[in-house]
Amino acid sequence: MEKKSIVVLDGDQTGQELLEEALRVIAPDVIGMEIDLEHYDLSLENRRATQNEIVYEAARAMKEAGYGLKAATITPEEKGDVGSPNAILRKEIDGKVIIRTGRRIPGVVPVAGTFSPISVIRMAVGDAYGAKEWREGEGVDEVAYRTETVDRKTCRAVAEYAFRHAKRTKSKVFGGPKYTVSPVYEGMLKEEMDEASKRYPEVAYDPQLIDATYALLLNSPGDPLVIPALNRDGDCLSDMVLQLFGSIAGSESILMSFDEDFNPQVVMAEAPHGTAPSLYKKNVANPMAMILATASLLTHFHEPQASAASRAIYEATIETVREGVRTSDLGGNATTSEFTDEVIAKVQTKLEVWNSLQM
């Protein structure tokens with residue numbers, strides 16, 4: 001296997017601690033393969049010290065390597081401060097799609113019978129975010145305006161990847177924008193979804209308006225679903241979808257850019273949670289989402305050894321929870337490091353057994 005490189009984007013507080021736990025799981029003595037790790041310090045302190053230049057450096061490195069693994073970072077609220085690095089990273093790598101997948105965690109009661117995985121495939125740019133806003137008038141006659149844009153290339157990337165992901169995971173493409181109210185603007189995504197369904201006739205396709213999507217998810221029969229969405233819709237929808245499983249701990253978030261044929265070009269994985277300052281330095285936070293984000297990144301190496309390692313990490317993480325080794329948020333008493341230790345032991349055992357059974 002050709003040696004791969006991952007650009008590691010260090011972060012803040014508990015986010016950084018959980019990243020370090022995830023990196024323990026992909027150490028060479030655990031997964032049996034060497035990965036170059038190139039670190040960039042995206043802590044708030046360093047972003048301020050470099051006036052965000054470190055974020056641009058990290059983005060350039062990701063474009064070169066093709067893979068990134070990001071810790072949660074602090075977003076200061078003061079106007080004129082460095083802000084969030086996420087917008088910069090998305091723009092610099094030309095990120096088009098964000099994928100967030102919720103899945104069942106053993107021992108955690110889901111909402112409304114949710115059972116099978118649900119992935120939200122959301123625009124990473126445009127729509128309500130980055131829109132031009134202004135106000136006119138005074139007093140009660142004041143009017144606020146906003147000009148939003150979506151482009152066909154991004155709509156096509158969302159639709160194409162949604163159907164590819166659904167084909168790979170044997171899922172149904174479900175949901176969609178409010179194209180009846182907004183046939184020109186939101187209808188552009190619906191047009192691309194319909195065209196993608198023709199390219200992938202083997203994939204089940206059940207388009208729904210966004211409001212119906214929310215309602216039907218609360219009465220889901222348990223099918224695995226892939227939901228393409230506009231940026232704003234997808235942001236709200238993914239928060240709800242992850243909570244349908246009772247916890248966001250079993251989820252990961254992927255930012256992806258594409259080549260001209262809509263094949264992934266840069267893949268950046270992260271956990272969907274924040275920096276959890278109240279848990280910092282207490283060794284009690286749940287590293288599960290960050291570990292799963294790391295496992296998901298390995299699948300994009302498209303190498304048998306990396307795929308085996310990814311599968312072993314996914315299975316080991318879920319089995320660890322099922323066997324009762326859980327952090328306090330899942331009703332257990334394991335520390336952060338104890339949970340990771342158990343995952344590591346299971347990954348090593350799985351890979352040793354699988355290698356010994358190869359003929």
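On full extension, the segment bounded by Ala212 and Ala345 gains 43.5 nm, given 0.36 nm per residue less the C-alpha separation. Taking label points 7 Å from Cα along the Cα-to-Cβ direction, Cys236 and Glu78 give a separation of 3.3 nm.
How large is the accessible surface per residue of segment 16-84, computed with a 1.4 Å probe and reported in Å² as a whole number? Spell out each step's value before the answer.
On the way: 3410 Å² over 69 residues.
Ligands and nucleic acids excluded, the result is 49 Å² per residue.
Rounded, prolate or oblate for segment 50-195? Axes are the square roots of the Cα gyration tensor eigenvalues, ordered a ≥ b ≥ c, and the cut-off for rounded is a/c under 1.5. Oblate is the answer for segment 50-195, as a/c is 1.5 or above yet b/c matches or exceeds a/b.
Using the membrane-span-like helix rule (whole DSSP H runs, Cα extent along the own axis of at least 24 Å, mean Kyte-Doolittle hydropathy at least -1.0), which helices of the chain qualify?
Working: long enough: 152-169 (25 Å, -1.03); 304-322 (27 Å, -0.17); 336-356 (30 Å, -0.38).
Helix filter hits for the chain: 304-322, 336-356.
Each DSSP beta bridge with both residues in segment 3-162 is either parallel or antiparallel, and the antiparallel ones are about 55%.
Between Ile35, Ile105, Ile26, the residue with the greatest mean-square fluctuation in the GNM of the chain (Cα pairs under 10 Å linked by springs) is Ile35. Using a cutoff of 8 angstrom between alpha carbon atoms and counting only pairs six or more residues apart, the relative contact order for segment 60-125 works out to 28 percent. For the chain, with all protein chains in place and a probe radius of 1.4 Å, 49% of the accessible heavy-atom surface sits on carbon or sulfur. Counted by Cβ distance under 13 Å from Ser337, the other residues give a net charge of -3, where Lys and Arg count +1 and Asp and Glu count -1. Under 5 Å from the amide H of Ile74 lie the amide H atoms of Asp12, Leu44, each residue being 5 or more positions distant or on a separate chain, with H modelled from the backbone and absent for Pro and chain starts.
What aspartates and glutamates could a cross-link reach from Lys153, if we take a straight Cα to Cα line under 17 Å and drop same-chain neighbours fewer than 8 places away? Straight-line reach from Lys153, under 17 Å: Glu92, Asp94, Asp127, Glu186, Glu191, Glu192, Asp194, Glu195, Asp259, Glu260, Asp261. If you plug the beta carbon distance of Thr147 and Asn355 into 1/(1 + (r/R0)^6) with R0 = 45 Å, you get a FRET efficiency near 0.20. Taking the DSSP beta bridges with both ends in segment 115-267, the antiparallel portion is around 45 percent.
Expressed as a rounded percentage, what relative contact order does the chain have, with Cα pairs under 8 Å and six or more residues apart?
Relative contact order here is 22 percent.
Across the cross-link table entries Lys4/Lys281; Lys4/Lys96; Lys91/Lys198; Lys3/Lys63; Lys91/Lys282, which are compared at the Cα atoms, the separations over 28 Å belong to Lys4/Lys281; Lys91/Lys198; Lys91/Lys282.
Give the percent of DSSP beta bridges with both residues in segment 1-76 that are antiparallel, rounded to the nearest 5. Spell out each step's value before the answer.
On the way: 0 of 10 bridges.
If I count the DSSP bridges inside segment 1-76, around 0 percent turn out antiparallel.
Extending 7 Å from the Cα toward the beta-carbon at both Asp94 and Lys63 defines two label points whose distance is 0.9 nm. Among Val97, Val111, Val226, the residue with the largest mean-square fluctuation in a Gaussian network model of the chain, with springs joining Cα atoms closer than 10 Å, is Val111. Going by a ≥ b ≥ c, the root eigenvalues of the Cα gyration tensor, does segment 170-252 fall in the rounded group (a/c under 1.5), the prolate group (a/b larger than b/c) or the oblate group? It is oblate, given that a/c is not under 1.5 and a/b is not larger than b/c.
Rank these residues by their accessible area, most exposed first, probe 1.4 Å: Tyr56, Tyr161. Display every interim value, and only then the final one.
Numbers: Tyr56 75, Tyr161 15 Å².
In descending accessible area the options line up as Tyr56, Tyr161.
What does the C-alpha gyration tensor say about the overall shape of segment 243-359? Classify as rounded when a/c is under 1.5, otherwise prolate if a/b is larger than b/c, or oblate. Oblate shape, in that a/c is at least 1.5 and b/c is the bigger or equal ratio.
Given R₀ = 41 Å, FRET efficiency for Glu202-Asn283 by Cβ-Cβ distance, to 0.05? Can you show the working numbers first?
Numbers: r = 47 Å, r/R0 = 1.15.
Here the calculated transfer efficiency is 0.30.
Relative contact order of segment 1-64: 41 percent, from C-alpha pairs under 8 Å at least 6 residues apart in sequence. Cα centroids of segment 90-131 and segment 230-273: 3 Å apart. Computed over protein heavy atoms with a 1.4 Å probe, the accessible surface of segment 172-283 works out to 42 Å² per residue.
The values are calculated or read from the model by the stated rules, or taken from the named source; none is laboratory data. This structure is a prediction, so every number in the text was calculated from the model and none was measured. Backbone-built Cβ (ideal geometry, glycine too); neighbour counts: all protein chains shown. For the accessible areas, the whole protein counts, side chains as well, though only heavy atoms, and no ligand, DNA or RNA atoms are used. Shrake-Rupley method; radii C 1.70, N 1.55, O 1.52, S 1.80 Å.
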